[in-house]
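*Asks:* Structure provided below as structure tokens; questions to follow.
Just so it is clear, none of the values below were taken in a lab; they were calculated from the coordinates. What you see is a predicted model; the values in this text were computed from it and never measured. We place every Cβ from the backbone using ideal geometry, glycine too, and count neighbours over all the protein chains shown.
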Amino acid sequence: MPAAPVADNKPEAIASAAWARLRDMVAARTPADGRIDALYPGLRCYRFSRPVRYEKTQRLTPGVVVVLQGRKTAHLGGDGRSLDYGATQCLVLGAEVACLGTVVEASAEHPYLAIHLDLPPDMLVKSFVALAESGTLAEPARVTENFTAAVGQEVVEAFARLLLSADDPVDRRTLAPLTVEEIVLRLLRSEAAAAIRSAGAVTKAGARIQTAIAFMRRHLGRPLSVAEIASHVHMSPSHFAHSFREVAGVTPMRCIRDLRLEEARTLMLGEGLRPGDAAAKVGFESAAHFNRAFRRRFEATPAEYVRRVQSG
């Protein structure tokens, strides 16, 4: 009787299998070209079956893009900077930035496939503070807010678990946030930490920024100003605004807007609220303002977005 084949447990074989699994999961979730959002906030997949210039209508927040197949060039910030990255690499965005992407390697047989995760400001700050207090967040020679790097197997496996947990309502509420926190911590324990933030800034203001974001979440339904939030954490408005941007990667008002948009998205998809009702509940002063902001972030009107996600 012939011997059973022996599994290849070499590290490189295991890593290759993890990449193939995540690539196949993203391919299965993107039946057509373009952007497909998962039900978990800030998680989305991309497929392009030919080279294409892809201009995002929003300013991207801190996040990570992992390319699973194909190649892309990102033009960031409107100042001529460009970063080229392909399969087994990621683009790390350390702060809000305008982005014009060009898919340079893709075909119908081997489409460009990628997964993008926004890094939630409160989770990002919490992780930075924990690492800074433990002395494991290195102080960089200089801060470079956007860069490319190889992706470790642990991050790839965490993304696969995140995609699976995003499909289940209970797992989406309980397991998915833990997996996102794992991804954030793993990125920050790599070269990403030193490239994105100053450890000194995080140590000095991190705890107050955490408190500020928690305050924002509790009061999304009413008007909020930088002065009020700064007063809550005992900082001057100008110092608070500067520290918030330095630590969280976005401005305070951008953070409030994005928190409101994510909550409105949850209310429409999870509770069936109409766009106007969801907008009012999370503190938007007008439906028109909500519609414009929503379209910039999700590349569709609220009604179109709900139909697209529900049909998917």
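*Asks:* Which value at 222 nm does the chain reach when only helices count, each DSSP H run of 4 or more adding -39,500 (n - 2.57), with the total divided by all residues and rounded to the nearest 500 deg cm²/dmol?
*Replies:* -16500 deg cm²/dmol
*Asks:* Between residue 17 and residue 219, 0.36 nm times their residue separation minus their Cα-Cα distance comes to what?
*Replies:* Working it through step by step, the gained length comes to 68.2 nm.
*Asks:* So, one more: Using alpha carbons only, how many degrees (0 to 90, rounded to 10) separate the axis of helix 11-28 from the longest principal axis of the chain?
*Replies:* Helix 11-28 and the main axis of the chain meet at about 70 degrees.
*Asks:* Give the distance, in whole Å, between the Cα centre of the range 61-105 and the Cα centre of the range 246-312.
*Replies:* 24
*Asks:* Additional query: Using a Gaussian network model of the chain whose springs link C-alpha atoms within less than 10 Å, name the residue from 238, 49, 190 with the highest mean-square fluctuation.
*Replies:* Result for the chain, Cα springs under 10 Å: 238 fluctuates most.
*Asks:* If you project the alpha carbons of the range 147-276 onto their three principal axes, what span does each projection cover, largest first, in Å?
*Replies:* Principal extents (Cα only, largest first): 43, 43, 22 Å.
*Asks:* Could you calculate the FRET efficiency of residue 301 with residue 98 from 1/(1 + (r/R0)^6), where r is the beta carbon distance between them and R0 is 25 Å, rounded to 0.05?
*Replies:* Once the sixth-power term is evaluated, E becomes 0.70.
*Asks:* With a sphere of radius 14 Å drawn around the Cβ of residue 235, what net charge do the other residues whose Cβ falls strictly inside it have (Lys, Arg +1; Asp, Glu -1)?
*Replies:* +1
*Asks:* Quick one: if the Förster radius is 51 Å, what FRET efficiency do residue 154 and residue 288 give, using the C-beta to C-beta distance and rounding to 0.05?
*Replies:* FRET efficiency, residue 154 to residue 288: 0.70.
*Asks:* Within a Cβ distance under 13 Å of residue 258, other residues only, what is the Lys/Arg minus Asp/Glu net charge?
*Replies:* Counting the neighbours of residue 258, the net charge comes to +3.
*Asks:* Sort all Cα-Cα distances of the chain into consecutive 20 angstrom bins from zero, then give the percent of pairs in each bin up to the one containing the longest distance.
*Replies:* Using 20 Å bins, I get a P(r) of 31, 59, 9, 1 for the chain.
*Asks:* What FRET efficiency would be calculated for the residue pair residue 32, residue 274, taking the C-beta separation as r and a Förster radius of 22 Å, to the nearest 0.05?
*Replies:* 0.25
*Asks:* Sticking with this structure for a sec: Could you calculate the contour length gain from residue 253 to residue 175, that is, 0.36 nm times the residue separation minus the distance between their Cα atoms, to one decimal place in nm?
*Replies:* 25.2 nm
*Asks:* Now for a different question. Could you point to the residue in 235, 215, 289 farthest towards the positive end of the range 203-312's charge dipole, with +1 and -1 charges on the Cβ of Lys/Arg and Asp/Glu respectively?
*Replies:* Projecting each Cα onto the dipole axis, the largest value belongs to 289.
*Asks:* Quick one: angle between helix 252-271 and the longest Cα principal axis of the chain, in degrees between 0 and 90, rounded to 10, please.
*Replies:* On a 0 to 90 degree scale, this one is about 60.
*Asks:* Need one number: convex hull volume per residue for the range 203-312, Cα atoms only, in Å³.
*Replies:* Convex hull of Cα atoms, per residue: 105 Å³.
*Asks:* Another one. Would you mind computing, in nm to one decimal, how far apart the modelled labels at residue 59 and residue 164 are, each placed 7 Å from Cα along Cα→Cβ?
*Replies:* Rounded to a tenth, the inter-label distance reads 3.8 nm.
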